Amino acid sequence: MSGARVSSHPVVNQKLTRLRAQDTGPAEFRTLVGDLALLLGVEATADLPAAPMTVETPLGPCQGSALKPSISLVPLLRAGLGMTEALSRLLPDSDIRHLGYTRNPETLQAEVYYAPTPPDPAPDLALILDPMLATGGSACAAIQTVKDWGVGEIRFLGILGAPEGVAALASAHPDVAVHLCGLDERLNEKGYILPGLGDAGDRQFAT
């Protein structure tokens, strides 16, 4: 699955526009990140397999369904934290496993500083959460870590991406579906997305 699936939902586009604005403060920014994560999560999980089940309503039995796969949410620290609560509400039976990477300012390569104990058993599906897909270094490293856990399927969910990051991820992990709210023009010389929205972690946490 090369390339990225970019949302065309008008509400996503409206919220992403407000997220970009430099006068959007940290509290509103965090709310928007959560809103966008929820909307993107609905789109990214629309094809999950389900099993039939019957429940009792106050008036009698009703045929419904339950999700089949076991799911792990894998937010990348620290910016991915802003997406986690919304997706844990959407998928409340999921577990949450954080991964921490920092980007070397000279090489722009991802360097790990936190990794959890691998899950046992491994989930059927892992959703990797990171608002920004810039160079793709952290995303590629995280995906390889999750693959080493033995996860059956991996999907990347991000709010904003750059073509360079999408290409890097597709080259390293062509089997991973990439879901984005928006795709921008390019990276600058420091590896930031243009026109972008700044540093998503800094803007969420006022640092």
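Taken together, the values in this text are just the output of simple stated rules run on the coordinates, not laboratory data. It should be emphasised that the depicted structure is a prediction, and the values quoted were computed from it without experimental measurement. Note that each Cβ is placed from the backbone with ideal geometry, even for glycine, and that neighbours are counted across all protein chains shown.
For this structure, a couple of remarks:
- For the stretch 143-162, taking the residues that are in a helix (DSSP H, G or I) and either in contact with a Phe, Trp or Tyr (Cβ under 7 Å, 6 or more places away or on another chain) or among the β-branched types (Val, Ile, Thr) (or both), the one that is surrounded by the fewest Cβ atoms within 10 Å (Cβ to Cβ) is identified as 145.
- Residue check for residue 48: out of contact with any Asp or Glu (no Cβ under 6 Å at 6 or more places or on another chain), touching a residue at least 24 places away in the same chain (Cβ under 8 Å), in a loop (DSSP other than H, G, I, E, B) and under 23 Å from residue 181 (Cβ atoms): yes
To keep it simple, each residue is scored yes or no on (1) closer than 21 Å to residue 125 by Cβ; (2) basic (Lys, Arg); (3) within 13 Å of the chain's Cα centre (by Cα); (4) not in a loop (DSSP other than H, G, I, E, B).
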| position | (1), (2), (3), (4) |
| --- | --- |
| 65 | yes, no, no, yes |
| 73 | yes, no, yes, yes |
| 84 | yes, no, yes, yes |
| 87 | yes, no, yes, yes |
| 93 | yes, no, no, no |
| 102 | no, no, no, yes |
| 107 | no, no, no, no |
| 112 | no, no, no, yes |
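- Positions within the stretch 166-187 being within 24 Å of residue 15 (Cα to Cα) and not in a helix (DSSP H, G or I), in sequence order: 177, 178, 179, 180, 181, 182, 183, 184, 185, 186, 187
- Filter result for residue 123 (surrounded by 19 or more Cβ atoms within 10 Å (Cβ to Cβ), of a type outside the set (Gly, Ala, Ser) and over 21 Å from residue 4 (Cα atoms)): yes
- Residue in the stretch 47-56 that is surrounded by fewer than 19 Cβ atoms within 10 Å (Cβ to Cβ) and either within 17 Å of the chain's Cα centre (by Cα) or within 20 Å of residue 197 (Cβ to Cβ) (or both) present: yes
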